[in-house]
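Quick one: this structure, given as structure tokens, is what I'll be asking you about.
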Amino acid sequence: MKKKSNDPYIEKRCFNCQVRLIDTTSVLEKNKYYDSISMTEAQNIASAAQVDLVCFEKETREKLAFYKVMNFGKWKYDTAKKKKKQQKVNKKTTKEIRVRAVIEDHDLAHKIKQADKFLQDGDDVLFTMRLKGRERIYTSEAKIRIVEIANMCENVDILNKKFEGNYFSVRVAKSVKKKD
């Protein structure tokens, strides 16, 4: 099953022999623009240049579509590559580190070291603590403890805190220093 795209240009795209619309069209070939040209002439231009005649039809346009003489495979590859690169740049993940209210110092130091590593990579860190059994009696101490743990990381800002019943979480990110 093909994946359906949200791009209005991709849904209504056809090229070469699939192009069967009206005679009056707009065609762009590298640096030349033809405003009123027949379909056969446009297909002849495309075949002479050994590239594709691609239709970019948008639903908002009524009868006229925009055609372009181009290498469709290369264009499709380039747009997919740009989209993937843009998603990589915008990708910011959240790493979760679970701690207990009665965590030992060595274990805590290891978790703080891991959190610093995640923060250096540009990720957010979510410290979570769930109280079990008799630990639920000490909720106020647990709230203080999880904030202290979050502040043990180097150069962090606390983004948000959640304290719900026996579940506590604190999200931290690398602090942004303002230049004076």
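The values are calculated or read from the model by the stated rules, or taken from the named source; none is laboratory data. Only a predicted model underlies this, so the values are computations on that prediction, with no experimental measurement involved. Ideal geometry is used to build each Cβ from the backbone, glycine not excepted, and the neighbour counts take in all protein chains shown.
Looking only at the stretch 151-167, how many residues end up being in contact (Cβ under 8 Å) with a residue 12 or more places away in the chain, among the charged types (D, E, K, R) and over 21 Å from residue 105 (Cα atoms)? Walk me through it before giving the result.
We begin by selecting, within the stretch 151-167, every residue in contact (Cβ under 8 Å) with a residue 12 or more places away in the chain; these are 152-159, 161, 163, 166-167.
With among the charged types (D, E, K, R) added as a condition, the list becomes 154, 157, 161.
From what is left, the residues that are over 21 Å from residue 105 (Cα atoms) are 157, 161.
Result for the stretch 151-167: 2.
Just give me the residues in the stretch 132-150 being of a type in the set (Asp, Glu) and touching a residue at least 24 places away in the same chain (Cβ under 8 Å), in sequence order.
Restricting attention to the stretch 132-150, the residues satisfying the condition of being of a type in the set (Asp, Glu) are 135, 141, 148.
Matches in the stretch 132-150: 135, 141.
Here's something else I'd like to know. For the stretch 132-180, how many residues are more than 22 Å from residue 95 (Cβ to Cβ), in a helix (DSSP H, G or I) and either within 30 Å of the chain's Cα centre (by Cα) or among the basic types (Lys, Arg) (or both)?
Here the count works out to 2.
Checking the condition modelled with pLDDT of 85 or more and touching a Gly at 6+ places or on another chain (Cβ under 9 Å), which residue from 98, 136 passes?
Numbers: 98 fails: touching a Gly at 6+ places or on another chain (Cβ under 9 Å).
One residue alone meets the criteria, 136.
Which members of the stretch 113-131 meet the condition of being touching a residue at least 24 places away in the same chain (Cβ under 8 Å), over 17 Å from residue 176 (Cβ atoms) and part of a helix (DSSP H, G or I)?
Matches in the stretch 113-131: 115 only.
Continuing with the same structure: So residue 89 clears everything in (1) modelled with pLDDT of 80 or more; (2) loosely packed, with under 14 Cβ neighbours inside 10 Å except one condition, right? Which one?
(1)
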